[in-house]
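The values are calculated or read from the model by the stated rules, or taken from the named source; none is laboratory data. If you're wondering where the values come from, they're calculated on a predicted model, not measured in any experiment. Counting neighbours? That spans all protein chains shown, and the Cβs are built from the backbone with ideal geometry, glycine included.
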């Protein structure tokens with residue numbers, strides 16, 4: 001499956017709620033969308049409508065592996081964004 005189609009599938013998956021990189025990769029693999037050589041993070045970073053909203057720390061884990069990134073669609077972020085307080 002080409003990258004554009006995979007991005008579309010990821011956007012639909014993220015439209016319900018944010019997910020971390022491992023969840024997204026596991027879901028794509030279970031749906032047989034993800035070829036083994038494709039980098040999920042790079043794929044999401046190249047899509048302007050998918051945004052990294054934070055990181056998930058792995059409790060109790062030690063080592064040099066980086067924390068997992070949390071991803072959401074731009075639309076989800078805008079819908080759930082807190083209102084900015086009025087400065088008077």
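Which one of the conditions (1) surrounded by fewer than 10 Cβ atoms within 10 Å (Cβ to Cβ); (2) at pLDDT 75 or above does residue 50 fail to meet, given that it meets all the rest?
It fails just one condition, (1).
Can you tell me which residue within region 27-46, out of those that are over 15 Å from residue 70 (Cβ atoms), modelled with pLDDT of 85 or more and surrounded by 14 or more Cβ atoms within 10 Å (Cβ to Cβ), is nearest to the chain's Cα centre (by Cα)?
Per the criteria, the residue is 43.
Filter region 1-22 down to the residues that are surrounded by fewer than 16 Cβ atoms within 10 Å (Cβ to Cβ) and under 10 Å from the mean Cα position of the chain (by Cα), then identify the one that is modelled with the lowest pLDDT.
22
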